[in-house]
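Engineer: Sharing a structure below in C-alpha cells format, with a few things to ask.
FYI, it's all coordinate maths here, none of it is from the lab. Owing to the predicted nature of the structure, the values given are computational and were not obtained by experimental measurement. All Cβ positions, glycine included, derive from the backbone under ideal geometry; neighbour counts span all protein chains shown.
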Amino acid sequence: MATLARSSLLMAFGTVVSRATGLIRQVLQGAALLLPARWAVTGMAAAYTLSYAVGLVITARLLRRRLGGYLDGRRLIRTYGKLIVASALAGALGWAAARAGAGASLTGTAGTSLDLAVGALTMVAGYLVLARLLRTGELSLLRR
C-alpha cells in the first residue's frame, strides 16, 4: 500500500513539474513575442530549451532521490555533451547546405522547399555520422 501511495505521489509530482515547466515556457514564449518578428521563432525555441532544462534538473534530482543517490551523472553529462556537439555541428552543416542552395535556379516556394529539404537531409546525415564518430551508445541501440 505504501508503494502505491509513493507511486501516486511521484506521478502527482511529475504532473506538477510538467505544469511548472509549461508555465515557464509560456511566459518565455510571451516574452519572445516582444522580440522583433525576425527573432520571434528563435525566442520561442530558446523558451522551450530553457523550460526543458529546468524540467531535466528537477527530474534528475527526483530520480536521484528515488534511486538512492545513484544516477551516474558523469556518464549522463558525457553522453549529453556528445549529443550536443553532434547536434550543433549537424545544425551548422544543415544551415550551410541550405544557404548554399539559396538563390539557385529555383525561386519562390519550390526553391525554398528544396533548400529546406537539402538542409534537413544534411542535418540528419551529419548528425548520424557525427554521433557515430563520437561513439554514442544510443546510436548503437538503433542498429540492433
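Engineer: For the stretch 64-136, which trypsin sites (Lys or Arg not before Pro) pass both filters: DSSP loop (anything but H, G, I, E, B) and at most 16 other C-beta atoms within 10 Å?
Structural biologist: ARG135
Engineer: Using DSSP to call loops (not H, G, I, E or B), can you name the chymotrypsin sites (Phe, Trp or Tyr not before Pro) in the stretch 45-141 whose Cβ has at most 16 other Cβ atoms within 10 angstrom?
Structural biologist: Here the sparse-neighbourhood loop sites are TYR70.
Engineer: Can you give the FRET efficiency for LEU142 and TYR52, using 1/(1 + (r/R0)^6), R0 = 25 Å, r = Cβ-Cβ distance, to the nearest 0.05?
Structural biologist: 0.65
Engineer: Let me ask something else about it. Please report the net charge: other residues with Cβ closer than 13 Å to the Cβ of TYR127, K and R +1, D and E -1.
Structural biologist: Details: positive: LYS82, ARG132; negative: GLU138.
Once positives and negatives cancel, what remains is +1.
Engineer: Report the full-extension gain for the segment ALA100 to VAL129: residue separation times 0.36 nm, less the Cα-Cα distance, to one decimal in nm.
Structural biologist: Extra length available between ALA100 and VAL129 comes to 8.4 nm.
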